[in-house]
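Let me begin by presenting the structure, written as C-alpha cells, before commenting on it.
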Amino acid sequence: MVIVGLAFMSALVGWSATAALAAYAQRRPGVTVIAWLIASLGLTVGLSAAVVGALFDFNNATFRLLHIGISLLGPLYMAWGALEYGVRSAQGRFASRLVLSAFTIVPLVVLSMDRISGRFGDTFPPLGDHYDLIPRSLTNITQVVVAAFLVAALVAVARRPADRVHHLRILGLVALSALLSILVGRLGLGFGGPLLMLGAVAALWGAAALAARPRRDAYDEDDDYYDDYGDDAAGDPEDELLEEPVRRKRRNADPYDDYYDGPPVRQAPPAKLRGVITIYTLAEGQGAGFDRIADAVVEEVASREPDTLLFACHTVPSAPLQRIVYAIYRDDLAKEEHEQQPHVVEFGRRAGAHVVATNVIELALSGAAASDGLAALLMPR
C-alpha cells in the first residue's frame, strides 16, 4: 500500500500541475507552455494508470499507459518545450518540429500495439523487461533526441550575453524532470519509482512557475528581471512565459464603446513629442558597471515600449566619466509610462551606485529633421 500511496500522491501533484499549466496556456497560449502542458498530461496519465497498477497489479493496459507517459511523451515534450524556450533560430525550431512529429507518431503507435511479455507485480515495471527489441530501440532513440533537444537549449541559453542564469535554472529543472522520468521508465526502482516521479512532476511544475514569474534583477550578470516568453529574446513572437509589462490604456476611450461597434468619430488633437536628456557624471572606475546596466535598460526599452520613440546612451570621448542618455517620447503619457516601467525604476536604483551627479534637461519638440531609418538603426525592435 506504500507504493499505492506514493503513486497516488505523484498523480495528484501531476493533475494539479496539469491544471495550472492548462489555465496558463488558455490565458497566454504559446508553444513552450503547450509543450510542457502535453508533457505534464502525459506524465499524469501514466501515473494515474500506475495507481491502478500498484493497487491491483499491473497489466498490459496500465503498463502501456505508464510508459507512453513517462518514457515517451513526458520527456520528449519537456525537451521540445525547453528547445523552444531556449533556441531563437527559426530554422532550428522548424527542424525540431519535424523531428518531434516523427518521434511522437511512430513510437506511440509501436508502444501502443507491440507485443508485451512477462509477468507484472505492483511495482513500476521497467520498459525493457516487457517490450521486445523494436519498441525498446525506438524508445532509446527517442530518449537520445530528448538529450539532443536539452543540450541544444542549454547551449543556446549559455551563449547569450545576458539573462542566462535564470533561464539555465528553468532548463535545469526541465532536464532534471526528464532525467528522473527516463530513469524510472528504464529501471522501475521499486518504492523509489513513484518518489522519483513525484520529483519529476514537481520539477516540471517548478520550471513552468519560474518561467512565468517576473525576474528580480535585470542588471546582475547572474540574475534576471524579466522572463522571456518561454525561450527567446524579448519581442520574439514565440515568447510566452513572461509577466505582462505595463500596458497603455486606450486613449480617448468612450463608455459608448461597450454598447456600439466602436467609438464615435472624432478629431484627436495632434500628439506633442517630448524629450529628455540626462547627463550622468560617474565615479572613478565605475564606467563598466554603469555601461552594463545601461545596455540592459536600453534593450528592455527597445523591446517593450513602442511609444518611446528613441532611447540611447552615449559615451563622451573627451570626458570618460560622463554618459549622456537621451529619449524621445510620443507624448506626455508615453513619458509617464516609461518612468513607471519596472526596468526603468530598477535602472534608476542601480545607477546610484555608479553616479556622483545627474543633470536632467526636459525638451519639447519645436522642429526636427531625421532620416526614416534613424530610429530603426538606434533601437531595432
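Here is how the numbers come out for the structure above:
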read-out	value
Selection within region 40-81 - in contact (Cβ under 8 Å) with a residue 60 or more places away in the chain, closer than 17 Å to Arg186 by Cα and under 25 Å from the mean Cα position of the chain (by Cα)	Leu43, Ile70, Ser71, Leu72, Gly74, Pro75, Leu76
Residue list for region 165-176, filter: under 28 Å from Glu299 (Cα atoms) and free of Cβ contacts under 8 Å to residues at least 40 places away in the same chain	Leu168, Gly172, Leu173
Candidate set from region 116-162 (those that are out of contact with any helix residue (DSSP H, G or I) (no Cβ under 7 Å at 6 or more places or on another chain) and in a loop (DSSP other than H, G, I, E, B)); member that is farthest from Val2 (Cα to Cα)	Pro161
Set Leu133, Leu127: member being out of contact with any Lys or Arg (no Cβ under 6 Å at 6 or more places or on another chain) and surrounded by 13 or more Cβ atoms within 10 Å (Cβ to Cβ)	Leu127
Every residue from region 31-47 that is closer than 18 Å to Leu176 by Cβ and touching an Asp or Glu at 6+ places or on another chain (Cβ under 9 Å)	Thr32, Ala35
Residue satisfying condition, being in the same structural domain as Gly206 (by TED's automatic domain parsing), touching a Phe, Trp or Tyr at 6+ places or on another chain (Cβ under 9 Å) and under 23 Å from Val33 (Cα atoms), within set Val151, Val144, Val157	Val157
Filtered residues of region 1-33 (kept if without any contact (Cβ under 8 Å) to a residue 12 or more places away in the chain and of a type outside the set (Lys, Arg))	Met1, Gly5, Leu12, Ala19, Ala23, Gln26
Tally, over region 101-145, of residues that are in contact (Cβ under 8 Å) with a residue 40 or more places away in the chain and farther than 19 Å from Gly188 by Cβ	4
Options Leu55, Leu37, Leu66; residue that is over 15 Å from Gly121 (Cβ atoms) and touching a helix residue (DSSP H, G or I) at 6+ places or on another chain (Cβ under 9 Å)	Leu37
All positions within region 131-151 that are among the hydroxyl-bearing types (Ser, Thr, Tyr) and within 15 Å of Leu73 (Cα to Cα)	Thr139, Thr142
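The values are calculated or read from the model by the stated rules, or taken from the named source; none is laboratory data. Fair warning: this is a prediction, and the values are worked out from it, not measured in the lab. Neighbour counts are summed over all protein chains in view; Cβ atoms, including those assigned to glycine, are modelled from backbone coordinates with ideal geometry.
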